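Before any comments, here is the structure.
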Amino acid sequence: MVDAHGKSPILAVGSVAFDSIKNPFGEANRVVGGSATYFSLAASFFTDVRLVAVVGEDFAERGAEVFGGRSIDTSGLQVMPGETFRWKGVYGFDLNQRETIYTKLNVFEDFQPVISEEWRTSPFVFLGNIHPKLQLDVLDQVESPKLVAADTMNLWIENTPDDLAKVLERIDILIINDSEARELSRESNLVKAARTLRAMGPATVVIKRGEHGVLTTTSRDGEFFTAPALPLEEVFDPTGAGDTFAGGFVGYLAACGNTHDSSLARAIIYGSTLASFAVEDFSIDRLLRLEQREVDERFRLFKRMTHFDEV
Ligand code: AMP
């Protein structure tokens, strides 16, 4: 189903969380986070998002504050008795490295994603970073989507490799960070890692490299498209940058409706643009203040920054 403007909606599943974050510049406790939260906020700049996730009763009115007034349909956000998923991460001066202090699944422990009849035919599907079994549950319910993109993390690579392998066989695009790409492929070289990951299933592999930008395979075998990250002076909190990137990236693809190499390249830049805002403040605060005009301006800045003439 495509809307009147030719944009396809995205079915997005992932975590909605309370995060606690500590880095050399400050600390934030029990702030809103989660892979599906960052993804949905970013993707909603491009198209309609159908959010599938779970929160506890303690999330209360936060849902309306975060998702209200945007192109995000929260009718798939289940509220269950108990506490919302919680995660705590600590960063040192190298913001590309972080330590997870705890992961408390809470209501995620008994979460069963239920996709409504209408949402089962969603043309674009994003499987955010959650247990691969839950990602498979969603895949079992959707009917021949045009594109499925997924993210994952070291926890699942190490603890549930068989389930993750099944997910990889059923997706079109894997969005993964560099250390996880190395761990999953057992290759230290990212070019080789991308090739190995493609052989596991996804036709396209997008490797996020934090402040070093993004590397993606293209349809021409052995060719890559790469983009730097914006050289920002103020980087406050990189939490959620990867999910925000994924939101801008999949959001743009769903809005333009195809995955030609030229669209893929623009989607990478839109993803990088959205991520560059997310890191400017703690939690989702910068995304909540973000305006379309700023997105367009920064997209053009990316073009200027990477353009050069042959002679
Ligand atoms: P990113 O920085 O893009 O990797 O995403 C960080 C977000 O992922 C945080 O807001 C966390 O709440 C969420 N997160 C961390 N660990 C997990 C996990 N095991 N399952 C689901 N979400 C997680």
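Some observations on this one:
- Qualifying residue in region 183-194 (condition: within 17 Å of the chain's Cα centre (by Cα) and in a helix (DSSP H, G or I)): no
- Condition check for VAL125: within 24 Å of ASN177 (Cβ to Cβ), more than 14 Å from the ligand (Cβ to nearest atom), in a strand (DSSP E or B) and open to solvent by less than 50 Å² (accessible area, probe 1.4 Å): yes
- Residue in region 244-257 that is open to solvent by 40 Å² or more (accessible area, probe 1.4 Å) and assigned to a loop (DSSP other than H, G, I, E, B) present: no
- Among the residues listed as ALA60, ALA36, the single one being more than 11 Å from the ligand (Cβ to nearest atom) and either under 22 Å from GLU118 (Cβ atoms) or out of contact with any helix residue (DSSP H, G or I) (no Cβ under 6 Å at 6 or more places or on another chain) (or both): ALA60
- Filtered residues of region 108-122 (kept if open to solvent by 60 Å² or more (accessible area, probe 1.4 Å), assigned to a loop (DSSP other than H, G, I, E, B) and among the polar types (S, T, N, Q)): GLN112
- Strands (runs of 3 or more DSSP E) enclosed by region 1-107 - at least 1 residues per element that are on the phi < 0 side of the Ramachandran plot, at pLDDT 95 or above and buried (at least 24 other Cβ atoms within 10 Å of the Cβ): 10-13, 17-23, 26-33, 49-56, 85-91
- Any chance SER272 is away from the ligand (no atom under 16 Å from the Cβ) and either part of a helix (DSSP H, G or I) or closer than 21 Å to ALA150 by Cα (or both): no
- Among the candidates SER263, SER283, the residue that is within 27 Å of LYS22 (Cα to Cα) and open to solvent by less than 50 Å² (accessible area, probe 1.4 Å) is uniquely SER283.
- Screening region 227-243 for residues that are among the acidic types (Asp, Glu) and closer than 16 Å to PHE93 by Cα and picking the one that is surrounded by the most Cβ atoms within 10 Å (Cβ to Cβ) gives ASP237.
- Close pairs (6 angstrom Cβ cut-off, 6 or more residues apart or separate chains): within 12 Å of the ligand (Cβ to nearest atom) in region 93-108, assigned to a helix (DSSP H, G or I) and small (Gly, Ala, Ser) anywhere: ASN96/GLY210
- Check on GLY210, surrounded by fewer than 24 Cβ atoms within 10 Å (Cβ to Cβ) and either more than 27 Å from ILE130 (Cα to Cα) or of a type outside the set (A, V, I, L, M) (or both): yes
- Applying the condition of being open to solvent by 20 Å² or more (accessible area, probe 1.4 Å), closer than 17 Å to PHE224 by Cα and in contact with a Leu (Cβ under 9 Å, 6 or more places away or on another chain) to region 148-181 and asking which residue is nearest to the ligand (Cβ to nearest atom) yields ASP178.
- Tally of residues being touching a residue at least 60 places away in the same chain (Cβ under 8 Å) and not basic (Lys, Arg) across region 291-311: 6
The values are calculated or read from the model by the stated rules, or taken from the named source; none is laboratory data. Keep in mind the model is a prediction, meaning the values are calculated, not measured. Here Cβ is always computed from backbone atoms with ideal geometry, including for glycine, and neighbour counts include all displayed protein chains. Side chains are part of the model used for accessible areas, which takes the heavy atoms of the whole protein and leaves out ligands, DNA and RNA. Shrake-Rupley method; radii C 1.70, N 1.55, O 1.52, S 1.80 Å.
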